[in-house]
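Take a look at the structure below.
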Amino acid sequence: MATDYERGRVGLLLVDLVNENFSEDGNAYSIYAPEFERLGTIDSLKKLIAGVRQRKDIPIFYSRTSFTDEDYSSWKHVSGIHRQMFDNRLFRADTWNTEFYPDLAPRPGDVAPPPHKSLDVLHHTDLEFQLRQRGVEYLAIAGVSGIMAVESTARTAMERGFHVTTFTDAIAAPGGLVTYQAMMRGLNMVSHRVVGVDDFLASLDEPAR
């Protein structure tokens, strides 16, 4: 079975794999924990990252959110999701909370653009430039939140001409099964493929069309 991917043109983007979300001491962990357990998100992310690293020719990009004390107090127009983050002082810049979760953290050679404040990782970062410089055309996106940053970034990537893959398992969003089903519908609208980690890794070894 042929796959859509062209060897040497695939990249992996990992969104907000930080202590705030993935450590039991993180302020946002409790809202994700039920879905992490139900979907096996953390184990799926570990498998995804390890599998991609074995291929050698797939660059890995890490993004993360952070806000300064000035951000919390000075924004004039604050959306609902930002209000939740600001009221709870989530993703405070230059703290343990916004450091990458050790079990899922970058290694030398991975690309980690400066932290972003918008839901869309491609907005106000040099990520697209970094992707283009490395010849990435097929972009796989995993992480959290699937209904916010992952979906927003997937939509923009699709509109900018990337072939977008998102995941059924290396992902999570608060809200349980109903939210998950809505997330899958949304991702299917903006992605070219929505697959499990095992299927994605297997497809990387299939002959291209």
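Every number in this text was worked out from the coordinates using simple rules, so none of it is lab data. Just so we're clear, the structure is a prediction, and the values are computed from it rather than from any experiment. Reconstructed Cβ throughout: ideal geometry from the backbone, glycine too, with neighbour counts over all protein chains shown.
Odds and ends about this structure:
- Take every DSSP beta bridge whose two residues both sit in the chain; close to 5 percent of them are antiparallel.
- Its Cα centre serving as origin, segment 69-190 has a Cβ charge dipole (Lys and Arg +1, Asp and Glu -1) of approximately 260 debye.
- Inter-site label distance for R134 and H192 at 7 Å from Cα along Cβ, in nm: 1.8 nm
- The chain, relative contact order [Cα under 8 Å, separation at least 6], %: 31 percent
- Listed residues S23, S44, S79, most fluctuating in the chain (Gaussian network, C-alpha, under 10 Å): S79
- Cα→Cβ-extended label distance, 7 Å offset, between S30 and T68, nm: 3.1 nm
- Using only alpha carbons, the chain has a radius of gyration to Kirkwood radius ratio (Rg to Rh) of 0.95.
- Net charge contributed by nearby residues that have their C-beta within less than 10 Å of R53 (K/R +1, D/E -1): +2
- Pairwise label distance in nanometres, R7 with M184, each label 7 Å out on the Cα-Cβ vector: 3.3 nm
- In percent, rounded to a whole number, the relative contact order of segment 11-60 is 41, using alpha-carbon pairs under 8 Å and six or more apart.
- GNM top mover of L187, L177, L139 - the chain, alpha-carbon springs below 10 Å: L177
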